[in-house]
Amino acid sequence: MQLGKKSVLSALVLGLGLFGVHRAAAQSDEPIDAASAPITANSAVVTGHAFSAMKYARRVKILPDGKQQFIRNEIYPTQIARDAEGRIRIEPIVDPQPECDQPTSLVPPPCPFWSIIVFDPTKQVITHWHTSEPAGHGAVAIKLSASQVDDAENSTTAMPVDLREPAPDEAKATTEKLGDKTIDGVRASGVRTTTVLPAGYSGNKTSVTKIHEVWRSEEMRLVIKIIDGDPNGEETIAGLDHVSLQPDPALFEPPDGSKVQIRAESGDSVYADRDITLLVEWFVK
C-alpha cells in the first residue's frame, strides 16, 4: 500500500486537468451509461449547507453474512468541513511520515504534521496552518487573485466527472436509479451501474459481475458514497461518515494565539499554488 507523494500527486494532476471539464459539465438526473457515468453540477459557491465529516476510502471483504471485513485504507480518514458562508476546510495528506503510515489500521494514529487549509471565497483568502507548528510560527493567510479564486471554487463546488474505463464490447452493462435514502444524516440519490463480463474474458472461467454505485446529494453539492465491487468478493468503499450539520466554528479559524502572517501580491500568488492544488482532494472520488 503506497500513500506517499507519488500516488497523491498523480491524483492532483488528474484533478487539475478536470477544472475545464468541471466548468463545462451539465447537471443531469438521467441514467448514464457504464462508459462515462458523469457526476456533475454547475459550479457556484455553496452557502447555507454547513457540515463537517470524515472522508474515507477503504478496501473491505464482503463476508457470506453480508458484513464487511476491513482490509486497508485506500486514503487516510481526514476531516472536511464547510460553514454556512461557504468557507471550506480540508486536511490534505501529501506524504505521511513513517510513524503515521499505517494503512492496515482502521483508525490510523494522528500525524502531528498534517496541514489544514481553509478557503474563504468571500474574502478571497486561503489560510493554512499545521496541526503541530514549530515554535514561533503560526498560520499564513494569502490573498488570492481572481483566477486563483475561480480555480479554488471549481475544485470544491463542481462535482467530479467519473472517468472509469469504458466497459469492453463483449460486456453487458446496465444502469439503474436507486432512489433516495438518508446516509449519515444526508439525503442522497443513488445510481448503480452493473457490468457483467462473460466467461472467457481475461481468462475467467465463469461470468464476472462488477458494480459501481454512486450516492450524491445535489442540494449539499456532495458525493456521499461510492462503492466499487470486484470479482474477489471485495469492495472499495469511499464516502463521508461522522457527518455533523452543525460544524464547530473554530474549525475555520487558526488556533487561538496563532500568529497570522498575511501575504498579498499583485497577480497570482506563488505561495497559494500548492494550497489550491491540494483543494482537488475535497470530493469523494
Identify, by number, the condition in (1) at pLDDT below 90; (2) farther than 30 Å from V196 by Cα; (3) surrounded by 12 or more Cβ atoms within 10 Å (Cβ to Cβ); (4) of a type outside the set (S, T, Y) that P231 doesn't meet.
(2)
Is it the case that segment 208-231 has a residue that's in contact with a Phe, Trp or Tyr (Cβ under 8 Å, 6 or more places away or on another chain) and without any contact (Cβ under 8 Å) to a residue 24 or more places away in the chain?
yes
Looking at A173 and the list (1) within 30 Å of L278 (Cβ to Cβ); (2) among the small types (G, A, S); (3) touching a residue at least 40 places away in the same chain (Cβ under 8 Å), which single condition is not satisfied?
(1)
The residue from A173, A167 that alone is touching a strand residue (DSSP E or B) at 6+ places or on another chain (Cβ under 8 Å), buried (at least 16 other Cβ atoms within 10 Å of the Cβ), assigned to a strand (DSSP E or B) and modelled with pLDDT under 95 is A173
Of (1) assigned to a loop (DSSP other than H, G, I, E, B); (2) surrounded by 14 or more Cβ atoms within 10 Å (Cβ to Cβ), V214 fails just (1)
Can you name the condition, by its number, that G190 falls short on among (1) out of contact with any Ser or Thr (no Cβ under 8 Å at 6 or more places or on another chain); (2) not charged (D, E, K, R); (3) not in a strand (DSSP E or B)?
(3)
Anything in segment 155-179 that is within 21 Å of the chain's Cα centre (by Cα) and not hydroxyl-bearing (S, T, Y)? List them, or say none.
A158, M159, P160, V161, D162, L163, R164, E165
Report whether or not G203 is in contact with a strand residue (DSSP E or B) (Cβ under 9 Å, 6 or more places away or on another chain), of a type in the set (G, A, S) and modelled with pLDDT under 95.
no
Kindly check whether there is at least one residue in segment 61-72 that is crowded, with 18+ Cβ neighbours inside 10 Å and within 18 Å of the chain's Cα centre (by Cα).
no
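Search segment 244-280 for residues being of a type in the set (A, V, I, L, M) and assigned to a helix (DSSP H, G or I), and hand back the single one that is nearest to V149 (Cα to Cα).
In this case the residue turns out to be I276.
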Surrounded by 13 or more Cβ atoms within 10 Å (Cβ to Cβ), of a type in the set (A, V, I, L, M, F, W, C) and more than 24 Å from R87 (Cα to Cα): which single residue out of V149, V223, V191, V161 fits that description?
V191
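The values are calculated or read from the model by the stated rules, or taken from the named source; none is laboratory data. Fair warning: this is a prediction, and the values are worked out from it, not measured in the lab. So basically every Cβ, Gly included, is an ideal-geometry build from the backbone, and we count neighbours across all protein chains shown.
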